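> Before we start, here is the structure in question, set down as structure tokens.
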Ligand SMILES: O=P(O)(O)OC[C@H]1O[C@H](OP(=O)(O)OP(=O)(O)O)[C@H](O)[C@@H]1O
Ligand code: HPA
Ligand SMILES: [Mg+2]
């Protein structure tokens, strides 16, 4: 086991996710929203965020992309590991990500989803690490901006572990 320091506590996460859900509920009033979860990291955030979206119909689909594998830094090549089950044509999409780091995963995803003719695409990320950006991407909803440190927990892994932590931590090395 590694020594892990809390960066964002479970209470802080929950409070911010509640606010994001409220904001999305207001912005999409009278519409229907289709959440696209980017596996595996996005799963915790997507589940908790979806519970905070109220009074509008919510549907969900899941996609798995991989650029990191078991590495600490991105290989630069993004692959589809699992595609969506349903068509996104004519839908209001919100891509739900755990983190935007280099921006490669998200820019690739936005690019391929645009070709599938949704009505709109917005991006909601729990964490943003702007210092590491290589490709510019538009972020519509953001939980927290974080410094250039490797983080884990709440969906984010280090060598596939620690996704189950209920908070965001950094590893003391
Ligand atoms: O902005 P980027 O530099 O592209 O990094 C962000 C992406 O990297 C991580 O996924 P990863 O490929 O590790 O897959 P995982 O979610 O299954 O851990 C994370 O969940 C984001 O999807
Ligand atoms: O800081 C990070 N931690 C875990 N996975 C990641 N994928 C991109 N950045 C990170
Ligand atoms: Mg990962």
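What follows draws every value from the coordinates through simple rules; no lab data is involved. Everything numeric in this text was worked out from a predicted model, so none of it was measured. Note: ideal-geometry Cβ built from the backbone for every residue, glycine included; neighbour counts use all protein chains shown.
> On a 0 to 90 degree scale, rounded to 10, what angle separates helix 10-27 from the longest Cα axis of the chain?
Result, in degrees: 20.
> Picking from 42, 153, 90, which is most flexible by a Gaussian network model of the chain using Cα springs under 10 Å?
Looking only at 42, 153, 90, the biggest GNM fluctuation is shown by 90.
> Which of the three applies to the stretch 1-154, rounded, prolate or oblate, going by the alpha-carbon gyration tensor with a ≥ b ≥ c and a/c under 1.5 meaning rounded?
oblate
> So how tilted is helix 104-114 from the main axis of the chain? Cα-based, degrees 0 to 90, rounded to 10.
Result, in degrees: 10.
> Another question about this same structure. So how do 144, 150, 45 line up by other beta-carbon neighbours within 10 Å, fewest first? Working shown, then result.
Details: 144 17, 150 14, 45 26.
Going from sparsest to densest Cβ surroundings: 150, 144, 45.
> With a 10 Å Cβ neighbour count serving as the proxy for reagent exposure, in which order, fewest first, do 170, 125 appear? Numbers along the way, then the final one.
Numbers: 170 19, 125 24.
Least to most surrounded, the residues fall as 170, 125.
> Just to check, using Stokes-Einstein with a Kirkwood Rh over alpha carbon pairs, what's the diffusion coefficient of the stretch 96-173 at 20 °C and 1.002 mPa s in µm²/s? Please report the intermediate quantities before stating the final value.
Details: Rh = 13.4 Å.
Diffusion coefficient, whole number: 159 µm²/s.
> Could you tell me the relative contact order of the chain? Use alpha-carbon pairs under 8 Å, at least six residues apart, and round to a whole percent. Let's see the in-between values first.
Working: 350 pairs, mean separation 44.6, N = 173.
Result for the chain is 26 percent.
> In what sequence do 81, 38, 110 fall when counting other Cβ within 10 Å, fewest first? Don't skip to the end; give the middle numbers.
Values: 81 11, 38 23, 110 17.
Listing 81, 38, 110 from fewest to most nearby Cβ atoms yields 81, 110, 38.
> Give me Rg over Rh for the stretch 1-90, both radii from the alpha carbons and Rh done the Kirkwood way, two decimal places.
Using Cα coordinates only, the ratio equals 1.04.
> A further question on this structure: Return the single residue from 20, 152, 84 with maximal mean-square fluctuation; model: Gaussian network over the chain, springs between Cα atoms under 10 Å.
Taking springs between Cα atoms under 10 Å, the residue moving most is 84.
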